[in-house]
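Q: Got a structure for you, written out below as C-alpha cells; questions coming shortly.
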Amino acid sequence: MTLPPDFAFSQSNLQDYVACPRRFELRCLRKRAWPAIPGEPVQELERLQDLGERFHRLVYQHRTGIPLEVIERQILDHELSEWWHSYLEYAPQGLPTRQYPEFTLQAGLAGYRLLAKFDLFTLDPDGRCVIVDWKTGLHRPRRDRLQERMQTRLYPLVAALAAHSLLGREVLPEQIEMVYWFTSDPQHPEVFSYSPEQLYADRAEISELIRAIARLAEKGDFPPCTDERTCGWCVYRSLCERGIRAEMFDPDGSLEEDPGLAFDFDEIEPIEF
Amino acid sequence: MDLVELSFEQQQVAAAPLHPSVYLEGPAGSGKTTAGVRRLRFLLDQCVPGEQILILVPQRSLGLPYAGALADPHLPPGGLPSILTFGGLVKRMVALYWPLIAEEAGFAHPGRQPVFLTMETAQFYMGTLVEPLLFEGYFDSLRMERNRLFSQILDNLNKAAVVGFQHTELAERLKAAWSGSATQLRVYDQMQDCANRFRAYCLEHNLLDFSLQVEIFTRRLAHHPLCSAYLSSHIRHLIYDNVEEDVPVAHDLVGEWLPRLDSALLISDKDAGFRAFLGADPAGAEQLKECCGRVFTFSGSYVTPPLMQRFETVLANRLASRPADPPEPELRILLQVRQGRFYPDMIAKVCAEVADLVRSGECPPGEIAILSPYLSDSLRFAIQNQLKSRGIPSRSNRPSRSLMAEPATRSLLTLAKLAHPEWGYRPGEEDLRSALFFCIEDLDYLRAALLTQMRYSVAKGNLVKYADAPPDYQQRIGYRNGELFDRLVDWITEYRQNPAPTLDLFLARLFGEVLSQPGFAFHRRYDQAEITARVIESVQKFRRGWVPAPDRPDISPAQQYVEVMEKGLLAATYLPGWEEELEDAVRLMPAHTFLMENRPAQVQFWLDVGSYGWWQRLYQPLTQPHVLTRRWPHDQRWTDVHEYRANQEHLARLVRGLVRRCSGEVRLYAVGVNEGGSEERGPLLLALQGLLRQMLAAEVQHG
C-alpha cells in the first residue's frame, strides 16, 4: 500500500509511529479497531479520561465567554472543583489578546498535511504567539520527557507555518512559545520557547519522519517496536502476540522515570480501549 | 486556483464576488457540487480564514467531496473549515452552552452533565416507557414490531422539532388530517401520550434525544446573545449544499444568517427532496432562493449520456401521465425488463451479469450499483455471497443493520451470561453450541455440540473442563480443541472470582485475553474485532446514559443491556463510516441510500421493479410524513387521492434521481413471485411495460 495522499499527520499519530511503527500502521493508517484493554486499572483510566474531558470543556466554556457562576453550577465533583480553582488562580497570565480555544491549524510539509489541534492558541497583533496545553494527567512529566514529545515539536512548527493566515503577517519562530499547564502542579507550568534553529531542526526531522513513513507504507512493512515492555499498554498486544493481559499503570508515577515506559493520559485512546 | 477544467458557468460560480449571496440550482450531475468545491478552494486562495467557513450539508455523506478537497496537502496553511450537518451543529452548541440553558429548558438536574441519546438508546428509553402501556391496551389495534412502534413515536417528536411546532400538537395535526376509521384517532391520542411521557422523562433525567436538542437550539440557544455572537463570529462564509434535502428549521436559521454573512453559496438539486420522509423541505429551499442576490441555473449533465436522459424523460412523463410521443426505438434496450420466476433466479442472473461486466473489463466493481426499494438481510446475504464466490467485492450501506444478527455479538453475550451467574440468565444449549463453534477456530459444529452436551449443565450454568473428561471422549473432541475450550473455561472460572464492574470491561477483557489469542476465532480477524468494538461502544453508550427503571431498581445496566439486545430493542447499530468503505466494490443498497451517497454508477441494476416498494411509502400507522410538514394545511384531510399523487410523485422523483446518477445503463429485473411469495405488478413495472407497448405499437404503425 502507499500512504494515502490525503493522510494528515498529527502529534498523536507521529507519537504512535515513534513509539511503535506497527501501532501507527494499525491504528492510524489502517484504522483497525482492536478493543482490548490498554492498561490497568482501566476504570481509573476511564475516570481520569472523563474528568480530563470535563475540565477541557469547562475551560472551553470559560474562554468562550460563559459567565463563571454559570459554568460553576456544573462542577459537582471535588477533584474537578480543585482543578478548576487551580485553573482560575494559576492559569497562564498575560497571554496574547486574540484567543482561539479548541482550535485547529493545518499546514503542508513534505507533500502531506500537518494538523495541530490546540487547547488554546493565542496571538497578539504584533505576532507574539503562545500555545497553551492543559495537561490533566496524575503527574507532571519531566521537562526532558516533554521536550521529546512530538507535541512539543509539532505544535510550534505548525504555528510557525500557518499562524500568518490569522494575522495577515508573518509570525517569527522566536515569537512562539509553548506552555504546558498541569492540574497536578498548577503553579509550575513548563514553558518552551521557540527559535529559528529549532524550527529548522523540527522541520527537517518531521519531514524525514514523514518520508520514512511513506517508504514503509510503500514496502508494506511497519515493524513492531523493539522494546516489548511497552506492549503491556498497547491494545494490539494480542495481535502482535506480545502478551495476554494489560499491565498495571503505576499510580505513583515511577514509570515516568523509565524512558521506555512513558505513560501519558493524553495518549490513551478515549474510552475506546 | 486553476479553473481551466471547469465550464464557464462553473467558473462563474466558483469565482463569484463575495457579495451578494449566490443560489445555484440544477439537476443532479450538472456540476453543482464541483462548482461548490471549487468555490471553497477559491475562498481559501483568497485568504478567507478557513476557520470562518462552514460547509453545511443535510447528511454526512454529502460532505465527502468537500472533505476530499480539504485533505489536499497543497491547501494554503491556516484554520480549517467545518463540515457539519444541522444536527451536528445543534449538538455542538447544546453541549457548549448547556449550563446556560439547562435550567430554563426545564431539566431537573441542570448541574449534571447532559446525556446525548443515540437512535438506539432513545428507542430503549421509549421502550421502557411504552411497554407497560402496551399491557394496558395501548396500540392494541396495531400489528407491528415494537421497535418500529417506538421509532415512529420518536420520528414524530423529531418531525415536530425540525418542522418547528410544539410536540404536544402531534395528535391534533394527525387527527385533523385523518379520513379513515375512528379507531385510528385513539391510536394518535395514545401516541401523543407516549411522546409527552418520553419528553417528561428526558427532562427528568437529563436525556437529550435529537428532537430535544433541536428544540433547545432553535427555541433557546440560536437567539441567545452569547450563542448568537459565537455563531456570528465563527461563521462568516457559508457553503450549503443540497439545501433541498434539509429541514425547515435549518432553512430558517440560514435565512436569518444570510444578511450578515460575508459570503454564501447555496446549492439546490432540482427535482430532488429524497429525504422528505425525514422532514426535508424542498419548498423551503426555494424560499431561501429569494434571499440570495444572484441565481445560477445549471442544466445538462456531466454524468448521464443523452440516451439515458431520454429514458429518464419518457419514464418520468409516463409516470406523470403527461402525453408524449412513443419512445424512440433506441430506448428499447433500456426498457426491457429481464424476468425471473423467483427471487433466486433474479439474484443468480444479476450476479452473473455483474461478473461478466467485471471480467470483461467493461465496468469495474465500484461502478456497479445493485438497487432495490428495501434491502432485507436475506437479499443482502444472498447477493453478497454469490458475488463473493465469484471473487467480486461488494459493500452494503444498509441504514440499519442489527448488531444481534452478527454471530460474534450473540457469542459474546452468551459468554457474558455464562461468566455472570449472578444475573440468573443461563444460556441454552443451542446458544452455547453456536458460541463455541464460532469462537474456537477449528472446532466444527458436531464437536461443539458434543462439548456442550458433555461439558455443560444448563441447570447449573456451569462448564466443566475437557481435561477431566474420559479419554475416549477427549479423543473425539481432539486435544487442540479441548485445550482451547479449557482455556476459555479457566478464564471464565477465574473471572467469576473477580468480575468486571461493567459489561464493556468484561467484553474488552474477553476479547483481549482469550478470543483474540491464537487458536480462537477472533485472532487476527479485523472484522470480528470491529464488531466487538461496536458492541463495546454500544454497551458504553447505554451504560453512561442508563437510568434504572423504577419497577426494577436492582437490575444492573449490564443485565438490562443483555435483555434489551435479546428483545431486539437495541437493534439499530451504527453505520460504518461511508469513507471507510471499500472504494472499488459493487454497491448493494436501497435506492434511497444510493441517492444520498450521491455517487454515480456506470451500470445500475434495479431489482424487482414490479414491487410496490418502489412506489408506496412504508406502513407507518403512528405518523404521516406528508401531514407533519409546514406545507400541509391544518384543516385538510389526507385522502386516497393525495396518497396516490404523493406515491406517483415519489416514484417519478426516485426514477429521475437514479437515472441522473447513471453514466452508462440501467438494467431492469422483475420476478414472478416476490420474496413474500406473492405476485406484484407495481406502477414502475406497469409504466415500463406501457412504454414498451407504446413503442411496439408505433413500430407496427410505421411498418
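The values are calculated or read from the model by the stated rules, or taken from the named source; none is laboratory data. Nothing here was measured: the structure is a model prediction, and the numbers come from that model. A quick note on method: Cβ atoms are made from the backbone with ideal geometry, for glycine too, and the neighbour counts reach across all protein chains shown. SASA here: full protein model, heavy atoms, side chains in, ligands and nucleic acids out. Shrake-Rupley method; radii C 1.70, N 1.55, O 1.52, S 1.80 Å.
Q: State yes or no: is B:LEU56 surrounded by fewer than 20 Cβ atoms within 10 Å (Cβ to Cβ) and either aromatic (Phe, Trp, Tyr) or more than 11 Å from every other protein chain (Cβ to nearest Cβ) (or both)?
A: So B:LEU56 does not fit the description; no.
Q: Please indicate, with yes or no, whether at least one residue in region A:178-199 is of a type outside the set (Lys, Arg), free of Cβ contacts under 8 Å to residues at least 24 places away in the same chain, part of a loop (DSSP other than H, G, I, E, B) and open to solvent by less than 60 Å² (accessible area, probe 1.4 Å).
A: yes
Q: Could you tell me which residue of region B:468-506 is surrounded by the most Cβ atoms within 10 Å (Cβ to Cβ), considering only residues that are under 30 Å from B:ILE555 (Cα atoms) and hydrophobic (A, V, I, L, M, F, W, C)?
A: B:LEU503
Q: Say we look at region A:26-46 and pick out the residues that are charged (D, E, K, R) and either more than 14 Å from chain B (Cβ to nearest Cβ) or touching an Asp or Glu at 6+ places or on another chain (Cβ under 9 Å) (or both); which of these is least open to solvent (accessible area, probe 1.4 Å)? It would help to see each step written out before you state the result.
A: Within region A:26-46, the subset charged (D, E, K, R) is A:27, A:30-32, A:40, A:44, A:46.
This time we only want the ones that are either more than 14 Å from chain B (Cβ to nearest Cβ) or touching an Asp or Glu at 6+ places or on another chain (Cβ under 9 Å) (or both), so: A:27, A:31-32, A:40.
Working: A:ARG27: 50, A:LYS31: 127, A:ARG32: 82, A:GLU40: 26 Å².
Of everything passing the filter in region A:26-46, A:GLU40 is least open to solvent (accessible area, probe 1.4 Å).
Q: Given the structure, is A:LEU88 buried (at least 17 other Cβ atoms within 10 Å of the Cβ) and either within 12 Å of chain B (Cβ to nearest Cβ) or within 23 Å of A:ARG54 (Cβ to Cβ) (or both)?
A: Details: buried (at least 17 other Cβ atoms within 10 Å of the Cβ): no; either within 12 Å of chain B (Cβ to nearest Cβ) or within 23 Å of A:ARG54 (Cβ to Cβ) (or both): yes.
Taking the combined requirement at face value, the residue does not satisfy it.
Q: Which condition breaks for B:GLY63 when tested against (1) away from chain A (no Cβ under 13 Å); (2) open to solvent by 10 Å² or more (accessible area, probe 1.4 Å)?
A: (2)
Q: Which one of these is open to solvent by less than 30 Å² (accessible area, probe 1.4 Å) and in a loop (DSSP other than H, G, I, E, B): B:LEU142, B:LEU174, B:LEU154?
A: None of the others qualify; the one that does is B:LEU142.
Q: Follow-up. Scan region B:38-91 residue by residue and report those that are basic (Lys, Arg) and at pLDDT 95 or above.
A: Within region B:38-91, B:ARG38, B:ARG39, B:ARG41, B:LYS91 meet the criteria.
Q: Kindly evaluate A:SER86 against the criterion of being touching a residue at least 12 places away in the same chain (Cβ under 8 Å), within 28 Å of B:PRO110 (Cβ to Cβ) and among the hydroxyl-bearing types (Ser, Thr, Tyr). Quick ask: steps written out before the conclusion?
A: Working: touching a residue at least 12 places away in the same chain (Cβ under 8 Å): yes; within 28 Å of B:PRO110 (Cβ to Cβ): yes; among the hydroxyl-bearing types (Ser, Thr, Tyr): yes.
Yes, satisfied.
Q: Further question: Could you list all residues from region A:13-43 that are more than 19 Å from the chain's Cα centre (by Cα) and among the polar types (S, T, N, Q)?
A: A:GLN43
Q: Answer yes if at least one residue in region B:179-188 is assigned to a helix (DSSP H, G or I), of a type in the set (Lys, Arg) and surrounded by 20 or more Cβ atoms within 10 Å (Cβ to Cβ), and no otherwise.
A: The answer is no, given that none of the residues of region B:179-188 is assigned to a helix (DSSP H, G or I), of a type in the set (Lys, Arg) and surrounded by 20 or more Cβ atoms within 10 Å (Cβ to Cβ).
Q: While we're looking at this one, here's another question. Would you tally the residues in region B:67-90 being crowded, with 20+ Cβ neighbours inside 10 Å, farther than 21 Å from B:HIS592 by Cβ and more than 11 Å from chain A (Cβ to nearest Cβ)?
A: Number satisfying all stated conditions: 2.
Q: Would you mind stating whether B:LEU575 is modelled with pLDDT under 80, closer than 30 Å to B:ASP431 by Cβ, out of contact with any His (no Cβ under 9 Å at 6 or more places or on another chain) and open to solvent by less than 10 Å² (accessible area, probe 1.4 Å)?
A: The answer is no for B:LEU575.
Q: Considering (1) modelled with pLDDT under 95; (2) away from chain B (no Cβ under 12 Å); (3) loosely packed, with under 15 Cβ neighbours inside 10 Å, say which one A:ALA19 fails and leave the rest.
A: Exception for A:ALA19: condition (3).
Q: To continue, here is another question. Looking at region B:91-123 only, could you name the residues that are under 17 Å from B:ARG219 (Cβ atoms), more than 12 Å from every other protein chain (Cβ to nearest Cβ) and open to solvent by 10 Å² or more (accessible area, probe 1.4 Å)?
A: Within region B:91-123, B:LYS91, B:ALA105, B:GLY106 qualify.
Q: Could I ask something else about it? For region B:75-106, what are the residues that are assigned to a loop (DSSP other than H, G, I, E, B), hydrophobic (A, V, I, L, M, F, W, C) and over 30 Å from A:LEU123 (Cβ atoms)?
A: Within region B:75-106, B:ALA102, B:ALA105 qualify.
Q: Exactly one of (1) within 13 Å of the chain's Cα centre (by Cα); (2) more than 14 Å from chain B (Cβ to nearest Cβ); (3) surrounded by fewer than 21 Cβ atoms within 10 Å (Cβ to Cβ); (4) modelled with pLDDT of 95 or more is unmet by A:LYS117. Its number?
A: Going through the list (1) within 13 Å of the chain's Cα centre (by Cα); (2) more than 14 Å from chain B (Cβ to nearest Cβ); (3) surrounded by fewer than 21 Cβ atoms within 10 Å (Cβ to Cβ); (4) modelled with pLDDT of 95 or more, A:LYS117 breaks only (2).
Q: In region B:507-557, which residues are of a type in the set (Phe, Trp, Tyr), open to solvent by less than 20 Å² (accessible area, probe 1.4 Å) and within 7 Å of another protein chain (Cβ to nearest Cβ)?
A: B:PHE511 - this is the single residue of region B:507-557 that is of a type in the set (Phe, Trp, Tyr), open to solvent by less than 20 Å² (accessible area, probe 1.4 Å) and within 7 Å of another protein chain (Cβ to nearest Cβ).
Q: Further, regarding this structure: Counting just the residues of region A:159-170 that are open to solvent by less than 10 Å² (accessible area, probe 1.4 Å) and in a helix (DSSP H, G or I), which one comes out nearest to the other protein chains (Cβ to nearest Cβ)?
A: A:ALA162
Q: If the requirement is being buried (at least 19 other Cβ atoms within 10 Å of the Cβ), over 15 Å from the mean Cα position of the chain (by Cα) and not charged (D, E, K, R), which of these qualifies: A:PRO141, A:PRO156, A:PRO173?
A: A:PRO173 is the lone residue from the list that is buried (at least 19 other Cβ atoms within 10 Å of the Cβ), over 15 Å from the mean Cα position of the chain (by Cα) and not charged (D, E, K, R).
Q: For the subset of region A:83-114 comprising residues that are assigned to a strand (DSSP E or B) and of a type in the set (Ser, Thr, Tyr), which member is nearest to the chain's Cα centre (by Cα)?
A: A:THR104
Q: Still on this model: Taking the criterion of being within 25 Å of B:GLU120 (Cα to Cα), of a type outside the set (D, E, K, R) and at pLDDT 95 or above, would at least one residue in region B:398-412 satisfy it?
A: Yes - at least one qualifying residue is present in region B:398-412.
Q: To continue, here is another question. Quick one: is A:GLN74 crowded, with 17+ Cβ neighbours inside 10 Å and within 9 Å of chain B (Cβ to nearest Cβ)?
A: Yes, satisfied.
Q: Within the set of pairs 6 or more residues apart or between chains, which connect a residue that is open to solvent by 20 Å² or more (accessible area, probe 1.4 Å) inside region B:445-461 to a residue that is not in a helix (DSSP H, G or I) with Cβ atoms less than 6 Å apart?
A: Within 6 Å, the pairs are B:ARG455/B:LEU463; B:ARG455/B:VAL464; B:VAL458/B:ARG426.
Q: Of the conditions (1) outside any helix (DSSP H, G or I); (2) open to solvent by less than 10 Å² (accessible area, probe 1.4 Å); (3) modelled with pLDDT under 95, B:ILE383 satisfies every one except a single condition; which number is it?
A: All conditions pass for B:ILE383, except number (1).
Q: Going by the conditions given, is B:MET126 within 14 Å of chain A (Cβ to nearest Cβ) and modelled with pLDDT of 90 or more?
A: On the way: within 14 Å of chain A (Cβ to nearest Cβ): no; modelled with pLDDT of 90 or more: yes.
No; evaluated as a whole, the condition is false for this residue.
Q: Something else: Restricting to region B:234-246, name every residue that is under 18 Å from B:ALA222 (Cβ atoms) and surrounded by fewer than 24 Cβ atoms within 10 Å (Cβ to Cβ).
A: Answer for region B:234-246, where residues must be under 18 Å from B:ALA222 (Cβ atoms) and surrounded by fewer than 24 Cβ atoms within 10 Å (Cβ to Cβ): B:HIS234, B:ILE235, B:ARG236, B:LEU238.
Q: Something else now. Name the residues in region B:449-466 that are part of a helix (DSSP H, G or I) and under 20 Å from B:ALA419 (Cβ atoms), would you?
A: Taking region B:449-466 as the starting set, the residues that turn out to be part of a helix (DSSP H, G or I) are B:449-455, B:466.
Listed by number, the residues that qualify are B:LEU451, B:THR452, B:ARG455, B:TYR466.
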